[in-house]
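**Q** Here it is, the structure, as structure tokens.
Any read-out appearing in this document is the output of simple, stated calculations on the displayed coordinates, not a laboratory observation. From a predicted model like this one, the values you see are computed outputs, not experimental measurements. In this analysis, Cβ positions are derived from the backbone assuming ideal geometry, glycine residues included, and neighbour counts consider all displayed protein chains.
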Amino acid sequence: LAKTTQPISMDSYEGQEVNITCSHNNIATNDYITWYQQFPSQGPRFIIQGYKTKVTNEVASLFIPADRKSSTLSLPRVSLSDTAVYYCLVGALYGGSQGNLIFGKGTKLSVKP
Amino acid sequence: EPEVTQTPSHQVTQMGQEVILRCVPISNHLYFYWYRQILGQKVEFLVSFYNNEISEKSEIFDDQFSVERPDGSNFTLKIRSTKLEDSAMYFCASRADTTDTQYFGPGTRLTVL
């Protein structure tokens, strides 16, 4: 599994765009990049997943450069409710019976009014 | 929207006692997981379960732990003789076979005294 590195914490203000970058220099050809969000005392929640270039959904955008050695999660116009820990995970999609997720320490995002 | 549920939300037990944590995965999901998160630490994989058997387990999942799918809806984690260091949030997760996105439950907070 590719190791990931992301900032331990970030601060932002309501209404700002937040970009959280994750480094994964040893990403393998068949690895995907997935981001999860975790609120205090809750289970992680899937946000977005991508393989290359850009992916956008109703919650966030994910930017992946051509070399795929890093990725950036972009949260547009954050609100106080976006305060959470954000995890970057890298691994292959599993068609079989495995697929356990390996979480790092994540990035603790604090949104202030 | 379907969701994973877990009971109880909080379990307090004495050291050496057996506990059973219960989970109801999303109904059409085939892959089931248990994770734990010690307070202030990262989410750790315990075990994955598919087709009525364990498909992978971590070093944490020793002989004191067992999992079972006793019927078509429940998925349980049993700790035979709890230790103080078993105090943590325990999260159940499930996924369908067409995606690697895992859906987490709200967790059970286990406190071992």
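**Q** Mind checking B:87-97 for the average number of partner chain beta-carbons within 10 Å of each residue's beta-carbon? Don't skip to the answer; put the middle values down first.
**A** Working: counts 0, 0, 3, 1, 4, 1, 5, 0, 4, 0, 5.
Mean number of neighbouring Cβ atoms from other chains: 2.
**Q** Continuing with the same structure: Count charges around residue A:37 for me, please; just the other residues with Cβ under 13 Å from its Cβ, Lys/Arg as +1, Asp/Glu as -1. Kindly include the intermediate steps, with their values, before the conclusion.
**A** On the way: positive: A:45, A:108; negative: A:82.
It works out to a net charge of +1.
**Q** Relative to the compact globular guide of 2.2 N^0.38 Å, what is the alpha carbon radius of gyration of chain B, as a ratio?
**A** Numbers: Rg = 13.2 Å, N = 113, 2.2 N^0.38 = 13.3 Å.
With N residues counted in chain B, Rg over 2.2 N^0.38 Å equals 1.00.
**Q** Separate question: Under the definition of Cα pairs under 8 Å and six or more residues apart, what whole-number percent is the relative contact order of chain A? Before the final figure, lay out the partial values.
**A** Working: 275 pairs, mean separation 40.9, N = 113.
It comes to 36 percent, rounded to a whole number.
**Q** Hey, another quick one. What lysines does residue A:52 reach when the alpha-carbon gap must be under 19 Å and sequence neighbours fewer than 8 apart in one chain are set aside?
**A** Those lysines meeting the cut-off are A:3, A:69.
**Q** Starting from the amide H of residue A:70, placed 1.01 Å from N in the peptide plane, find each other amide H under 5 Å away whose residue is 5 or more places distant or on another chain.
**A** A:24
**Q** In a Gaussian network model over chain A where Cα atoms closer than 10 Å are linked, find which of A:41, A:74, A:23 has the largest mean-square fluctuation.
**A** For chain A, modelled as a Gaussian network with Cα springs under 10 Å, the answer is A:41.
**Q** From Cα pairs below 8 angstrom and at least 6 apart in sequence, can you work out the relative contact order of chain B, rounded to a whole percent? Show your work: numbers first, answer last.
**A** Values: 274 pairs, mean separation 43.5, N = 113.
After rounding, I find 38 percent.
**Q** A follow-up question, please. In sequence order, what are the phi-derived ³J(HN,Hα) couplings for segment B:86-96 according to the Karplus relation 6.51 cos²θ - 1.76 cosθ + 1.60 with θ = phi - 60°, rounded to whole Hz, with x for glycine and proline?
**A** 7, 4, 4, 8, 10, 10, 9, 9, 9, 8, 7
**Q** What net charge do the residues around residue B:82 carry, taking every other residue with its C-beta under 15 Å from that of residue B:82, with Lys and Arg at +1 and Asp and Glu at -1? Don't skip to the answer; put the middle values down first.
**A** On the way: positive: B:36, B:78, B:80, B:83, B:109; negative: B:18, B:62, B:63, B:85, B:86.
After counting each charged neighbour, the total is 0.
**Q** On to the next question. In peptide B:103-109, what is the residue-averaged number of other protein chain Cβ atoms found within 10 Å of each Cβ?
**A** Numbers: counts 4, 8, 2, 3, 4, 0, 1.
That average works out to 3.
**Q** Suppose R0 equals 41 Å; then what is the FRET efficiency for residue B:64 and residue A:53 from their Cβ-Cβ distance, rounded to the nearest 0.05? Before the final figure, lay out each step's value.
**A** Numbers: r = 46 Å, r/R0 = 1.12.
In this case the efficiency is close to 0.35.
**Q** So what are the three principal axis dimensions of the protein assembly as shown from its Cα atoms, in whole Å, longest to shortest?
**A** Projected onto the principal axes, the Cα atoms of the protein assembly as shown cover 49, 40, 33 Å.
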